[in-house]
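The structure appears right after this line, and notes come after that.
Read-outs throughout are calculated quantities, based only on the coordinates presented, and are distinct from any laboratory measurement. A quick note: this is a predicted structure, and the numbers were derived from the prediction, not measured. Ideal geometry is used to build each Cβ from the backbone, glycine not excepted, and the neighbour counts take in all protein chains shown.
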Amino acid sequence: MNVENLAADADEFTSNVFLVDDTALIDTGADEIVLDRLEEKDAEIETVVITHSHWDHIENLEEIVARYDPQVYAYSPSNLPDGVVGNTQVLADGETVALGAMETIFVAVHTPGHRDDHICLYSPDEKVLFAGDLIFPGGAFGRTDLEEGDRDTLIESIERITDLDVHELYAGHGEPATDNVNAQIQGSLKEARKHEPKYAEG
Ligand SMILES: [Zn+2]
């Protein structure tokens, strides 16, 4: 399974956009560079999975649906733009989706706390985790000061992820991680438990 971040050279603020074997996308990002890269690569996008409905992850979605007519999966399709609803199917907790040339099976793990409709995608065979904005390499974790954010819920979600054996971590922002990934996830859990939110409550 080949994974490439199409937003690696983005100028504008955007999520990462992971292209799997030139046929599937995890998130669509918000920088037009993603659309240019897809055109350059002559990719045929069959499947798009949205980790959560924050704008920096979905701004390119309508254009990608218009160009490639893919099957889109999301935890809450109603949070996506009206124009893509006809292409979108619910991906609930524990449901699976096949991605890439080898049709690698990924399990959706509902992981709210950063956003209610947030899912991670885990491949038990490849030990790959697409983590969205739940956790990031180096012990970082998703912000909980946005609408629907909740630190205790985020911690519970990270706890679910620590049950998985992960060798490759692809988060929604920053570089991928392949070294001691399980320990890095434990680090994120520890940090999330330790730090009080920096924003005012209430
Ligand atoms: Zn987000």
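Structure above, values below:
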{"read-out": "Residues being among the polar types (S, T, N, Q) and surrounded by 20 or more Cβ atoms within 10 Å (Cβ to Cβ) - total across segment 55-86", "value": "1"}
{"read-out": "Test: residue in segment 139-152 that is more than 16 Å from the ligand (Cβ to nearest atom) and either polar (S, T, N, Q) or at negative phi (or both)", "value": "yes"}
{"read-out": "Selection from segment 108-121 of residues that are within 16 Å of Val48 (Cα to Cα), crowded, with 23+ Cβ neighbours inside 10 Å and not hydrophobic (A, V, I, L, M, F, W, C)", "value": "His118"}
{"read-out": "Within segment 13-80, helices (runs of 4 or more DSSP H) holding 1 or more residues that are within 22 Å of Leu169 (Cβ to Cβ) and over 12 Å from the mean Cα position of the chain (by Cα)", "value": "33-41"}
{"read-out": "Residues located in segment 53-88, provided they are within 16 Å of the ligand (Cβ to nearest atom) and either at positive phi or of a type in the set (Phe, Trp, Tyr) (or both)", "value": "Trp55, Tyr75"}
{"read-out": "Set Ile158, Ile105: member being under 18 Å from the mean Cα position of the chain (by Cα) and either surrounded by fewer than 17 Cβ atoms within 10 Å (Cβ to Cβ) or touching a residue at least 60 places away in the same chain (Cβ under 8 Å) (or both)", "value": "Ile105"}
{"read-out": "The one condition in (1) of a type outside the set (Gly, Ala, Ser); (2) free of Cβ contacts under 8 Å to residues at least 12 places away in the same chain; (3) more than 25 Å from Val166 (Cβ to Cβ) that Tyr68 fails to fulfil", "value": "(2)"}
